[in-house]
Amino acid sequence: MTSQTAATRRIGFSRNLSRWDIKVSPYLYISPFFLSFAIFGLFPIVFNIWVALHDWDRRLGQGDFVGLDNFTWVLNQPAFWTALQNTFSIFVLSLVPQLILALIIAAILDQNLRTKTFWRMGVLVPFVVMPVASAMIFSQVFGQFGLVTPLMHELGWFSDVDSPFFHNRFLSHVAIATMIIFRWTGYNALIFLAAMQTVPRDMYEAATIDGAGRARQFFSITIPSIRPTMIFVVLTMTIGGLQVFDEARVFDGAGTGGTGQGGADNQWLTTVLYLFNLGFGDWQDRMGQAAAVAWLFAAVIIFFTLLNFFVTRAISTSTSKPTRASRLAAKRLSEKGRTR
Amino acid sequence: MRTKRKAIAFTAIAASTALILSGCSGGGAEGGGGETPETLTVATWVDIPPELLEQFTDETGIKVEVNSFADGASAQTVLRNGLASDGAGLSDLHLVELDWWTEMMALPEDWVTLPAVEDRWVDWKVTQGSVGDEIKGYGMDIGPLAIAYDSTLMEAAGLPSDPEGFTEFIGGEDATWESFLDAGRQFSEASDAAWIDSTSTAIQAAINQLPAAFEDPDTGDALPLAENDDVEELFTMFGDAAEEGVSAGVGIGHADWGAGFQARRWATVITPAWATGIIAENAAGLEGWRIANAFPDGGGNWGGSFFAVPAAGEHTDAAVELADFLTSPEAAVSMFLLNGQFPSQLDAMQDPAVSETANEFFGGQETGAIYAGLAESAGDKAAGGYRGVNFAGIQTLVMDGIRRIESGSEDAAAAWASSVAEFDALGLTD
């Protein structure tokens with residue numbers, strides 16, 4: 001009697017065990033990511049709200065509860081608004097050329113080249129260089145005695161200023177955008193390349209038979225086919241590009257002892273650099289304000305990412321109307337299929 | 001395929017566990033520790049003569065590991081973050097620069113109180129290195145202010161180029177900032193080069209000479225910048241000169257600074273003793289740099305550093321011993337010979353190795369003797385003024401104003417107005 005119940009109990013237990021295995025194990029398998037995310041991602045984000053609502057000294061820690069004072073303080077700082085403008089200016093200046101260059105490089109790499117892997121690895125080399133290292137090299141290039149400035153002076157451009165890239169707001173943005181383009185173009189080109197290689201070769205063959213040139217094929221076949229990838233790249237570029245920091249901080253030689261605070265007139269002060277200066281710079285007691293900047297800026301980024309998402313999606317769906325070339329290519333394809 | 005996936009999963013778990021564990025440990029170290037450790041770590045951005053460390057190892061049996069930083073700012077960042085995380089990642093002994101001393105001493109308990117050493121330093125160095133009555137740092141070097149100049153450019157401009165003549169040219173013993181800048185105007189007329197690398201550096205030196213530049217020493221509160229007449233006067237004086245083009249607008253640490261030396265773009269540089277080595281490095285290969293024997297407004301002090309022992313360290317007793325050893329007069333002499341830092345130790349200042357060693361870069365001048373003389377003539381001003389928690393931030397606002405004039409984006413009056421507006425927006429004086 002007792003042994004019988006023990007047996008059923010044992011069966012019940014092992015059945016339970018396998019049921020738990022099915023129900024619980026998957027969660028255990030994925031838990032490392034969520035645990036580390038909770039500790040290193042979620043906790044700081046939530047804690048940041050707490051910091052943003054208090055006076056906060058770097059060393060002494062939490063001070064008085066101040067409610068939304070930190071937010072109003074930040075919104076009243078002219079430097080905050082300048083930083084936002086600079087961030088967008090640098091973002092736009094780096095995004096557009098980067099997209100175009102990456103597409104061209106990817107299209108070239110997509111051709112039948114000799115030593116393919118060599119070229120593909122080659123475009124990734126700038127990405128391997130530390131951002132700070134490349135920024136320091138570029139700040140020499142754009143410096144008063146660097147490569148570009150003496151040339152510009154010779155041509156009579158900006159000859160009234162010694163160091164136009166460290167003085168003129170727009171030029172400093174161009175210089176920083178150049179560093180970003182240098183670093184990220186190769187990376188994006190490889191993503192585009194991966195997408196381009198999934199485009200069926202038949203379409204190109206058909207287009208060639210129809211007499212479409214390389215350029216025509218690029219615009220009518222390649223670009224429409226890799227649209228989803230373009231949306232992905234634009235979204236990640238938006239998030240990454242708005243957070244520009246390293247290049248701006250090292251631009252005037254911080255790290256070797258320069259100020260690294262975004263220029264005397266805040267010409268190249270970006271939002272993240274402003275946050276850094278508040279929380280970790282000259283001021284000891286502005287951690288709360290820095291946290292408030294982080295939240296305000298997060299809202300801005302989310303807004304623009306959503307905007308970007310809807311705009312790019314609208315573009316990619318509205319062009320479902322086939323172009324003449326793609327219609328012809330499709331026709332060819334189907335004819336080809338029929339003759340087989 | 002499956003094993004590979006397993007391996008990846010395992011690595012991921014291992015990595016995240018390691019991350020979690022390392023996040024929890026660290027910072028657990030409690031102060032104290034009378035035992036003799038095997039090694040001590042020192043964080044510094046200046047070179048320590050290796051034979052000095054060997055001597056310490058011979059005497060005590062403790063090895064010394066140097067955590068070397070490229071510049072003071074990097075050392076500052078590491079120290080700042082270490083203190084904020086209860087001592088994680090700190091070395092046993094840290095070199096602390098005067099410019100960020102106040103910040104690091106925000107919580108005096110972070111630092112071990114050091115036993116007094118009688119008659120080792122000039123009095124004011126001990127005062128600077130103390131919080132109240134407690135000594136928190138042993139002085140290493142001080143930064144008596146001097147002016148280095150390029151005698152080649154002076155000669156080319158047809159102006160006095162030998163040290164005595166140059167000293168007279170900027171106003172001699174009674175030189176003021178006004179006479180120094182007037183000399184600059186005269187130089188600018190005769191030369192294509194700028195008079196000074198940056199007037200923002202010059203105003204920083206002048207601010208260092210004020211007894212209480214930005215804050216009330218009694219309360220620690222910031223003074224309204226708009227009503228700060230002393231600073232406004234300095235600002236207008238240096239701003240006007242910058243507007244007239246006496247400055248190249250490239251200060252120490254700027255990306256263009258080294259290249260500017262090589263292109264001989266300026267004739268003078270404000271040079272605290274510790275900067276002599278930095279200039280020799282940046283102007284390497286150039287002949288003709290000299291040091292003048294007088295400083296505007298009677299001289300002063302800029303920077304200089306201390307060795308301090310974080311209380312979170314495991315071997316604080318041994319670290320105090322090392323701090324004592326590294327700030328002995330003998331150690332200070334060998335530091336001077338290696339890097340040019342001028343000693344804060346009385347015996348070291350008198351030492352013939354300091355006062356009589358010819359500096360090769362500066363044309364064989366005995367820089368030690370020159371700085372000793374300048375430190376003496378600076379008198380009380382050498383101790384520097386009051387620095388509260390907001391000193392560094394406000395100083396940056398003022399220096400940025402001068403930089404805007406240098407780059408031509410604003411005139412002196414407009415630049416002062418916008419610096420004041422930025423200060424007001426901070427709400428420090430509400």
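Across A:G263, A:G143, A:G63, mean-square fluctuation computed from a Gaussian network of chain A (C-alpha pairs under 10 Å connected) peaks at A:G63.
The magnitude of the dipole of the stretch B:156-291, with charges of +1 and -1 set on the Cβ of Lys/Arg and Asp/Glu and taken from the Cα centre, is near 880 debye. What does the C-alpha gyration tensor say about the overall shape of the stretch A:102-179? Classify as rounded when a/c is under 1.5, otherwise prolate if a/b is larger than b/c, or oblate. Cα axes put the stretch A:102-179 in the prolate bin.
Residues B:K381, B:K63, ordered by accessible area of protein heavy atoms at a 1.4 angstrom probe radius and largest first, appear as B:K63, B:K381.
Simple rule: put +1 on each Lys or Arg Cβ and -1 on each Asp or Glu Cβ in chain B, find the dipole, and look at B:N81, B:L114, B:M154; the Cα lying farthest toward the positive end is B:N81. Rounded, prolate or oblate: which one fits the stretch B:163-213, using the alpha carbon gyration tensor with axes a ≥ b ≥ c (rounded when a/c is under 1.5, else prolate when a/b beats b/c, else oblate)? The shape class here is oblate. Solvent-accessible surface (1.4 Å probe) assigned to A:F310 amounts to roughly 110 Å². Shown is the FRET efficiency for A:V311 and A:E154, computed with R0 = 41 Å from the Cβ-Cβ distance and rounded to the nearest 0.05: 0.45. Take each residue in B:109-122, count the other chain C-beta atoms within 10 Å of its C-beta, and the mean is 0.
Computed about the Cα centre, the dipole magnitude for the stretch B:289-374 is approximately 380 debye when only Lys and Arg (+1) and Asp and Glu (-1) carry charge, each at its Cβ. Given a 1.4 Å probe and the protein chains as shown, B:R404 ends up with an accessible area of around 0 Å².
Since only B:P50, A:G156, B:A412 are under comparison, the one whose Cα sits farthest along the positive direction of the charge dipole of the protein assembly as shown, derived from C-beta charges on Lys, Arg, Asp and Glu, is A:G156. The residue list B:P329, B:A284, B:H315 was ranked by how far each Cα lies along the charge dipole of the stretch B:255-351 toward its positive end, using unit charges on Cβ atoms, and B:A284 comes out on top. Put simply, when A:206-218, B:303-315 are sorted by average Cβ atoms within 10 angstrom per residue, most first, you get B:303-315, A:206-218.
Computed over chain A with a Gaussian network model linking Cα atoms closer than 10 Å, the most mobile of A:T72, A:T236, A:T117 is A:T117. So what's the gap between the Cα centers of the stretch A:286-302 and the stretch B:212-255, to the nearest angstrom? Value for the Cα centre distance between the two parts: 31 Å.
Principal-axis analysis of the Cα atoms of chain B puts helix B:316-326 at an angle of about 30° to the longest axis. When the P(r) is computed for the stretch B:321-391, the part past 18 Å accounts for 46% of the Cα-Cα pairs. All other residues whose Cβ lies under 12 angstrom from that of B:A292 are scored, Lys and Arg at +1 and Asp and Glu at -1, for a net of -4. Over the protein assembly as shown, what is the percentage of antiparallel beta bridges among all DSSP beta bridges, to the nearest 5? So the antiparallel bridges amount to about 70 percent of the total.
The share of accessible area on the stretch B:117-260 that comes from carbon and sulfur is 44 percent, using a 1.4 angstrom probe. Taking the longest Cα principal axis of chain B as reference, the axis of helix B:412-426 is set at about 30 degrees.
With a Förster radius of 25 Å applied to the beta-carbon distance between B:N81 and B:E109, the computed FRET efficiency rounds to 0.90. For B:E97, B:E51, B:E38, the ranking by accessible surface with the largest value first comes to B:E38, B:E51, B:E97, using a 1.4 Å probe.
In a simple Cβ point-charge model (Lys, Arg +1; Asp, Glu -1; nothing else charged), chain B has a dipole of about 2260 debye relative to its Cα centre.
Here is the interface size for A with B: some 3400 Å² of accessible area buried, both sides summed, with a 1.4 Å probe.
Between amide H atoms placed 1.01 Å from N, distances below 5 Å from B:A194 occur with B:W266, B:A267, all of them 5 or more places distant or on a separate chain. Would you mind classifying the protein assembly as shown by shape? Square roots of the alpha carbon gyration tensor eigenvalues, ordered a ≥ b ≥ c; an a/c under 1.5 is rounded, otherwise it is prolate if a/b is larger than b/c and oblate if not. Judged from the Cα gyration tensor, the protein assembly as shown comes out oblate (a/c at least 1.5, b/c at or above a/b).
Within 10 Å of the Cβ of each residue in B:398-411, the mean number of Cβ atoms contributed by other protein chains is 4.
The values are calculated or read from the model by the stated rules, or taken from the named source; none is laboratory data. This one's a predicted model, so the numbers in the text were calculated from it and none came from an experiment. Positions of Cβ are backbone-derived with ideal geometry, glycine not excepted, and every protein chain shown enters the neighbour counts. Surface accessibility is based on the protein's heavy atoms, side chains included, excluding ligands, DNA and RNA. Shrake-Rupley method; radii C 1.70, N 1.55, O 1.52, S 1.80 Å.
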